[in-house]
Amino acid sequence: MILGKKCLQDMAEMGLRQADGFEAEIHLENYNYGLTRFSEGQIHQNISMEGIYVTARVFDGRRCSEVTARAPEPEKVAEAVRRAAEALVAGAVRPQRPLPGPDKACSVDENGDIPGFDACVPENADRWRGRVAERAVSVIEREGPRPFGRVATEFSERLIMNTAELISYAPRTSCNVSFTAIRDTGYGYSERSGFSLDAINAGEAASEAAGGCNLSRDPEPFPEGEYPVILLPYAAADLVSFVARLGADGEAVAEGRSFMSGRAGERVVSDLLTIYDDGADEHGCPILFDGEGVRKRRVDIISEGIASGLLYNQTTAAAEGEVSTGHAPVVRAFGSFRGGASVSPQNLFLAEGDAPVAEMIEDTDLGLLITTLHYTRVVEPRDVVITGMTRNGTFLVRNGEIVGPVKNLRFTDSYVRALNQVTHVGSQSLLCGEGVGGIRVPALRLDSLRFTGTTEF
Amino acid sequence: MRDVAQRVVSMADGMGASYVDSRVVQREREFISVKNEEVEVANSQDDMGVGVRVLVDGAWGFASTNRLDGRSLEKCARRAVEVARGGATVRKYPVQLAPEPEYQDEWIRSVEIDPFAVDMAKKLELLTECSKEMLREGVGVARASLVFERDTQVFANSSGSLIRQVFTESGGSLYALAVNGEQTQVRTYPCTIWHDIQGEGWETIEARDLLGNAPRVASEAVQLLSARPCPEMTTDVIIAPNELALQIHESVGHAVEADRILGHEADFAGTSFIDPDMLGELRYGSEVVNLFADPTLPGSRISYKYDDEGVKAGRVDLVRDGVLVGLTTSRESAHELGLDRSGGCMRANNFDHIPLVRMPNVSLEPGDVSYEDLIASTKKGILLDQNRSWSIDDRRLNFQFGSEAGWLIEDGQITEMVRDPIYADITPQFWSKCDAIADEDDWRIVGYACGKGAPSQDGRVAHGCSHARFTGLKVGGKKS
Ligand SMILES: [Zn+2]
């Protein structure tokens with residue numbers, strides 16, 4: 001249930017009154033997440049989670065402390081601030097982090113037209129997931145394969161308030177489906193995301209997964225080596241995401257950890273590529289403000305191959321004499337202990353080009369068409385060297401035609417090097433990625449990707 | 001807490017569920033991290049709520065909430081029943097559970113020094129000192145972290161079980177990143193990014209002597225910048241426990257999970273190369289390889305007496321003398337596989353997630369050679385320490401692991417340090433190359449975390465092992 005701005009604001013105000021003269025910041029998130037998963041055409045997991053998180057941060061010059069709780073009532077919010085203020089006494093040195101001030105664009109009226117919010121989601125989420133699962137199962141089974149998949153819905157509202165009079169509030173919604181079709185040795189996959197239920201055409205997505213699966217049966221072995229590749233959007237998203245996350249972090253650039261360190265204004269990847277992050281673009285799942293309540297600005301990270309923009313939060317911007325771009329990660333407080341990056345591009349876009357996938361295939365003498373990349377991990381962060389596997393349908397292209405499926409391959413390559421090899425950018429993009437934001441990319445054709453291992457399937 | 005757990009079970013029971021279980025969890029957590037002598041995070045957390053899982057018409061439903069008043073509990077129970085009814089429309093067969101007796105019991109993991117009772121100022125001082133020690137010429141990031149967590153959990157089900165368990169855990173680690181404009185190199189201690197969390201109190205932090213190790217960690221990171229790349233070769237590889245633990249995790253732990261084998265993760269993480277028919281038949285490794293799961297190992301962060309389905313835990317053999325003999329299971333998967341009983345491997349991360357098949361202390365039994373003799377008996381080889389990158393395919397066969405550092409071995413002596421070592425292989429072929437495992441004196445439990453399921457749950461895991469040697473393994477330097 002969406003509680004509305006006033007309700008959350010009342011809770012936050014009550015908390016801020018406990019700040020005892022310190023600078024303070026309160027985050028409230030009221031969320032509802034539902035997920036329906038099916039395996040072999042049977043729903044085996046069906047869940048509905050809800051709750052309210054509060055994170056209270058209290059600052060005193062160079063000291064800071066933070067308390068997080070799941071807080072159903074206002075008293076809990078106040079208690080979190082009191083505990084944070086008490087703990088501050090023990091707090092050690094931390095870089096100055098100026099609190100951001102108010103910005104009207106970050107506080108929406110929940111009764112108005114809200115970017116990234118579809119009121120149908122809170123009303124219909126549970127029923128919709130069941131219907132979509134049913135439809136996907138029947139479409140995939142009709143075409144032959146065994147159906148697997150998941151259907152997720154989320155609606156939430158976030159409010160951030162601080163002692164510098166900032167009030168940022170917005171509700172948002174997101175829906176995501178992904179289907180996997182399996183038939184003996186064949187695998188197919190598809191994915192759709194959007195902030196509204198209407199954005200998802202489940203039948204078409206299910207048919208795509210089933211079709212891919214039927215084409216990928218009985219794959220032939222194919223040797224490791226360096227080949228041209230056509231990456232469907234699911235696979236292309238992985239390259240764009242890693243390059244933006246590891247490369248465009250202003251702090252990493254300053255510390256010499258990024259391939260963009262010292263290269264502002266230079267060409268770093270193919271001039272066919274323009275990569276940007278835009279929290280307002282409704283072709284993604286909009287996020288109006290970041291984890292510090294600051295409006296997300298559009299940042300052109302790479303413009304026609306040129307390194308052109310970096311991402312900052314309040315702290316890293318202050319350290320570099322920049323202004324926050326609104327990229328402090330929006331994360332739920334009960335995250336992992338792994339420690340996070342200081343910024344996160346959560347609404348990435350790779351600008352569309354003019355090549356249909358069919359043209360990429362036609363222009364390939366010998367190469368591979370890849371549906372998805374699996375378990376991709378950083379081998380070396382500075383050059384964005386990544387290893388991973390192909391998955392869910394890998395196909396051999398010869399003399400301008402798909403000739404058949406091949407067994408999955410392991411690749412190990414620098415994504416920066418790979419993105420310097422781009423020959424075609426797809427004409428139709430797809431919103432990929434689950435959960436917060438998403439990444440919208442078209443297919444890509446690269447002249448080379450390095451494959452370093454093979455499998456038996 | 002007992003009251004809430006039982007109330008929500010009887011509510012869902014009254015709404016037509018054929019089986020109900022609930023978990024009420026209260027969680028305290030502290031995460032402190034200091035980077036370059038400045039506090040990055042000083043976060044304390046406080047959380048409580050209930051999750052209720054139901055079977056209605058043979059289909060699962062789950063709902064959770066952090067509102068614990070009577071009305072909210074009833075709404076939560078109703079949501080669980082409703083989503084189960086919604087799911088029952090897409091169902092081929094009713095879910096059935098392997099039988100399990102009911103228990104009324106309590107189990108509290110004991111620790112020597114309560115980590116939450118240790119002063120925040122003392123913790124911050126330790127981390128700041130460690131960071132200062134590591135921050136030297138060539139080091140760009142010097143990070144020291146501490147984490148503590150305590151879960152107090154009550155499980156109740158409609159068969160009458162009522163179980164209270166308390167889990168306390170502590171971890172802490174060092175991370176030094178060296179940069180020279182061309183490359184970055186990392187050294188960590190005692191474990192890459194998971195802080196080597198143990199089911200112990202502050203005593204485990206004292207025992208690991210973070211401050212004493214800080215200068216070594218930093219200087220090794222800087223040395224790696226000028227080390228030569230690991231040569232391409234086929235050689236004997238000795239893998240240190242902190243790296244081998246992740247190898248066990250990825251190429252054994254996930255592969256033997258019954259839910260993956262039955263396809264429940266096929267839409268996401270993937271399946272497994274293992275088929276239930278392979279039990280007793282598949283040669284997983286050489287004869288010296290014995291692997292087991294044991295949730296009752298003392299000192300581990302994942303250890304418990306009952307799992308999150310109320311199943312009493314015990315040891316399960318997975319690989320005996322190199323042959324696959326067991327799997328990690330739940331009540332549902334045990335029934336599907338025709339087993340008498342669940343292996344008791346179900347754990348959930350917090351109250352708001354469903355339990356999943358987890359790997360409770362999946363471990364490699366120690367061998368009979370001392371660590372010193374293992375090195376001394378290696379004519380030519382390499383010692384790999386600390387994982388830096390890992391990747392494995394969706395059936396858990398083709399993997400590639402990178403380590404922070406390697407040390408060449410010549411005639412039984414550790415010689416030169418090399419950078420960016422990588423090794424890759426296929427799971428059963430890899431374990432078949434294992435020819436010697438160091439003995440009990442070298443054996444330790446490495447605390448890890450594992451992302452599994454959707455929505456992803458950052459679950460507790462740990463793996464026991466000692467140094468082990470693999471003959472004729474292909475290694476090389478970073479490829480880019
Ligand atoms: Zn894992």
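The values are calculated or read from the model by the stated rules, or taken from the named source; none is laboratory data. Everything numeric in this text was worked out from a predicted model, so none of it was measured. Every residue, glycine among them, receives a Cβ derived from its backbone with ideal geometry; neighbour counts consider all protein chains shown. What goes into the accessible areas is simple: the full protein's heavy atoms, side chains included, and nothing from ligands, DNA or RNA. Shrake-Rupley method; radii C 1.70, N 1.55, O 1.52, S 1.80 Å.
State which entries of B:Lys132/B:Lys380; B:Lys132/B:Lys452; B:Lys312/B:Lys452 exceed 30 angstrom in Cα-Cα distance in the structure shown. List each step's numbers first, then the result.
Details: B:Lys132/B:Lys380 38 Å; B:Lys132/B:Lys452 36 Å; B:Lys312/B:Lys452 23 Å.
Pairs exceeding the cut-off: B:Lys132/B:Lys380; B:Lys132/B:Lys452.
Per residue of B:51-62, count partner chain C-beta atoms within 10 Å of its C-beta, then hand back the mean as an integer. It would help to have the intermediate numbers written out before the result.
Values: counts 2, 0, 1, 1, 0, 0, 0, 1, 4, 6, 6, 6.
Mean number of neighbouring Cβ atoms from other chains: 2.
Around the amide H of A:Gln45, modelled in the peptide plane, lie the amide H atoms of A:Arg37, all under 5 Å away and 5 or more residues distant in sequence or on another chain.
Under 5 Å from the amide H of A:Val323 lies no amide H of any residue 5 or more positions distant or on a separate chain, with H modelled from the backbone and absent for Pro and chain starts.
Rounded to the nearest Hz, the phi-derived 3J(HN,Hα) couplings of the stretch B:22-28 under the Karplus curve 6.51 cos²θ - 1.76 cosθ + 1.60 (θ = phi - 60°) are 9, 9, 9, 10, 10, 10, 10, where x marks glycine and proline.
Under a model in which nothing but the beta-carbon of Lys, Arg (+1) and Asp, Glu (-1) is charged, chain A shows a dipole of about 1020 debye around its Cα centre.
For A:Glu157, what charge total do you get from the other residues with a beta carbon under 9 Å from its beta carbon, if Lys and Arg give +1 and Asp and Glu give -1? Display every interim value, and only then the final one.
Working: positive: A:Lys5, A:Arg158, A:Arg172; negative: A:Glu29, A:Glu110.
Its environment carries a net charge of +1.
Using a simple spin-label model with pseudo-atoms 7 Å out from Cα toward Cβ, B:Lys132 and B:Arg216 lie 2.2 nm apart.
You can think of it this way: the chain between A:Glu322 and A:Ala254 has 23.3 nm of extra reach, that is 0.36 nm per residue less the Cα-Cα gap. Going 7 Å from the Cα of B:Arg228 toward and past its Cβ, which residues in the stretch B:412-439 have a backbone nitrogen under 13 Å from where you end up? Inside the label zone: B:416-419. For A:Phe222, the residues 5 or more places off, or on other chains, whose built amide H falls under 5 Å of its own are A:Lys407.
Mean residue ellipticity, 222 nm, helices only, chain B: the sum of -39500 (n - 2.57) across DSSP H runs of n ≥ 4, divided by residue count and rounded to 500, is -6000 deg cm²/dmol. The mean number of Cβ atoms from other chains found within 10 Å of a Cβ in peptide A:49-57 is 5, as a whole number.
On a per residue basis, the stretch A:211-252 carries 34 Å² of accessible surface, using protein heavy atoms and a 1.4 Å probe.
Peptide A:119-132 is shielded by partner chain Cβ atoms: per residue, an average of 2 of them sit within 10 Å of its Cβ.
Measuring from centroid to centroid over Cα atoms, what is the spacing of the stretch B:332-360 and the stretch A:356-413 in Å? Using only Cα atoms to place each centre, the spacing works out to 36 Å. For the listed peptides A:405-417, B:105-117, a ranking on the average number of other beta carbons within 10 Å per residue, highest first, reads A:405-417, B:105-117. The simple Förster model, with R0 at 56 Å and r as the Cβ-Cβ distance, assigns B:Asp321 and A:His283 a FRET efficiency of 0.45.
If one computes the Cα centroid of the stretch B:370-404 and of the stretch B:1-57, what distance in Å separates the two points? Each part's Cα centre sits 38 Å from the other's.
Karplus-derived 3J(HN,Hα) values for the stretch A:299-312, using 6.51 cos²θ - 1.76 cosθ + 1.60 with θ = phi - 60°, are 10, 7, 6, 10, 10, 6, x, 8, 5, 10, x, 10, 9, 9 Hz; glycine and proline are entered as x.
Placing a pseudo-label 7 Å from each Cα along the Cα-to-Cβ vector at B:Lys122 and A:Glu224 gives an inter-label distance of 5.1 nm.
Here the accessible area is traced with a 1.4 Å probe on the protein chains. For chain B, carbon and sulfur cover 47 percent of it. On association of chains B and A, roughly 7400 Å² of accessible area becomes buried (total for both chains; probe 1.4 Å). Using θ = phi - 60° in the Karplus curve 6.51 cos²θ - 1.76 cosθ + 1.60, the 3J(HN,Hα) couplings for the stretch B:79-92 round to 4, 4, 5, 5, 5, 5, 4, x, x, 5, 6, 10, 8, 9 Hz; x is entered for Gly and Pro. Note on B:Thr296 and B:Glu440: the model spin-label points, each 7 Å out from Cα along the C-beta direction, lie 1.7 nm apart.
Which value, in debye to the nearest 20, gives the size of the charge dipole of chain B about its Cα centre, when Lys and Arg are +1 and Asp and Glu are -1 at the Cβ? The partial results should precede the final answer.
Details: 52 positive and 76 negative charges, 282 e Å.
Dipole magnitude for chain B comes out near 1360 debye.
Going by Cα centres, the stretch B:195-267 and the stretch B:442-480 are how many Å apart? Rounded to whole Å, the Cα centres lie 5 Å apart. Within the same chain, lysines fewer than 8 places from A:Lys76 are excluded, and of the rest, those with a Cα less than 21 Å from its Cα are A:Lys5, A:Lys6.
Is there a quick way to get the dipole size of the stretch A:5-213? I mean about its Cα centre, with the Cβ of Lys and Arg at +1 and of Asp and Glu at -1; what is the value in debye to the nearest 20?
Numbers: 25 positive and 32 negative charges, 101 e Å.
The calculation lands at about 480 debye.
How would you order B:369-378, A:43-52 from highest to lowest mean count of nearby Cβ atoms within 10 Å?
On the way: B:369-378: 17.2, A:43-52: 24.3.
My ranking of the peptides, most packed first, is A:43-52, B:369-378.
Dipole of the protein assembly as shown computed with +1 at Lys/Arg Cβ and -1 at Asp/Glu Cβ about the Cα centre; of B:Leu211, A:Pro102, B:Gly338, farthest Cα towards the positive end is A:Pro102.
The residues packed around A:Glu141, meaning those with a beta-carbon under 12 Å from its beta-carbon, carry a net charge of +2 if Lys and Arg are +1 and Asp and Glu are -1.
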